[in-house]
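Worksheet for the structure shown next.
The values are calculated or read from the model by the stated rules, or taken from the named source; none is laboratory data. Bear in mind that the values here come from a model prediction, so they are computed numbers and not experimental data. All Cβ positions, glycine included, derive from the backbone under ideal geometry; neighbour counts span all protein chains shown. These area figures cover heavy atoms from the full protein model, side chains too; ligands, DNA and RNA do not enter into them. Shrake-Rupley method; radii C 1.70, N 1.55, O 1.52, S 1.80 Å.
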Amino acid sequence: MQDSGDSLSGRMLGAELRRSRERRGYTLADAARVIRASTSKISRLERGQNPVKYRDLNDLAMFYGVSREERAHLDQLHQQVGNEDLIQRFSDVTPAYFKRLIGLERSASRITVYEPRVVPGLLQTEEYARALVRLIEVDRSERDIELLVLLRMERQLRLGGDGPSLAALIYERVLYEGFGPGRMMAEQMRYLRDAAAADKVTVRILPKQVIALPAPIFHLSFLDGEHQELAYVEHANSANYITQRAELDRTRSQLTNIRENVYTREDSVVALERAIDYWERIAAEEEQPC
């Protein structure tokens, strides 16, 4: 009998972990201590006989000090194995109220997000996301921070292929709110500009002279099911899921008002180009010797 694709990916993932361990000169016992397991379990993981939990993969990759390219390959193999879904893999660093949103994103046909404070998570670069997570999750370990960043990056992967389309409405002041060095911010602005050219992504900028709603809005549309839309409003340590018709009508009206005031596609790109120029100037100044 032929092995399934998942089984083959599992063996390939195990073999890559073994090679990473051996290249760094670590023993099975060294790896076992990292994930608080037995040496026999590490051996089974490396032979592809046991599924690798994402938390264990993350701990081992950090311990082995793998490169970004090696890590991307490990993550790709793990995704192909299909032994856990996104919620399970990040369950220990994800609040309960956010897990529901992750599950809903998968089945949505369209996502509309309005963001007056930061670049929307679904359009953040890895470095920008890391800077934000470090700023917000002040009591998290470095390991948990990396897991939260990876969760954000993997949510973005759902936008490709058969995933939902995304409409991002971003307040112009967000483009000039620095959360890191100019180089990082310029990279984030370029990423937004390039994302605006994608088939399933729409990026519109709300002019800074417009009085903006203070709280972000996350709206999801579905092709079928009992509820064909809902809105999600996140607070400091909780979130509201809006499904009642009156509240949904109000939220939809708010989004309509925002859409009526945003720049056109061409002018939004111009606004992003202005932000890129601004941060590139900042980056050049930062690189000047004192």
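Numbers for the structure displayed
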quantity: Largest-first ordering by accessible area, 1.4 Å probe, given options 150, 272; calculated: 150, 272
quantity: Mean separation of Cα contacts under 8 Å (6+ apart) over length of segment 136-243, as relative contact order %; calculated: 19 percent
quantity: Those lysines that a straight Cα-Cα span of less than 22 Å connects to residue 53, excepting residues fewer than 8 apart in one chain; calculated: 41, 99
quantity: MRE, 222 nm, helices only [DSSP H, n ≥ 4, -39500 (n - 2.57), over the chain, to nearest 500]; calculated: -17000 deg cm²/dmol
quantity: Simple label model, 7 Å out from Cα along Cβ direction - residue 266 to residue 49, nm; calculated: 6.6 nm
quantity: Relative contact order of the chain, pairs being alpha-carbon contacts under 8 Å that are 6 or more residues apart, as %; calculated: 18 percent
quantity: Karplus-derived 3J(HN,Hα), 6.51/-1.76/1.60, for each residue of segment 50-66, Hz, glycine and proline x; calculated: 10, x, 9, 5, 5, 4, 5, 4, 4, 4, 5, 4, 5, 5, 6, x, 5
quantity: Kirkwood Rh, Cα atoms: Rg over Rh of segment 104-166; calculated: 1.00
quantity: Which labelled figure in (i) 34.4, 110; (ii) 21.4, 67; (iii) 18.0, 75 is Rg and Dmax of the Cα atoms in Å, once derived from the coordinates; calculated: (ii)
quantity: Interchain or long-range residues, amide H under 5 Å from residue 201's placed H; calculated: 166
quantity: Carbon + sulfur, % of accessible area of the chain - ligands and nucleic acids excluded, 1.4 Å; calculated: 49 percent
quantity: Contour minus Cα-Cα distance for residue 24 and residue 162 (0.36 nm per residue); calculated: 45.7 nm
quantity: Volume of the Cα convex hull of segment 135-290, divided per residue and given in Å³; calculated: 161 Å³
quantity: Heavy-atom accessible area ranking, 1.4 Å probe, most first, across 202, 125; calculated: 202, 125
quantity: Tail weight of P(r) past 18 Å, computed on alpha-carbon pairs of segment 197-283, percent; calculated: 59 percent
quantity: Built amide H within the under 5 Å cut-off of residue 110, gap 5+; calculated: 165, 221
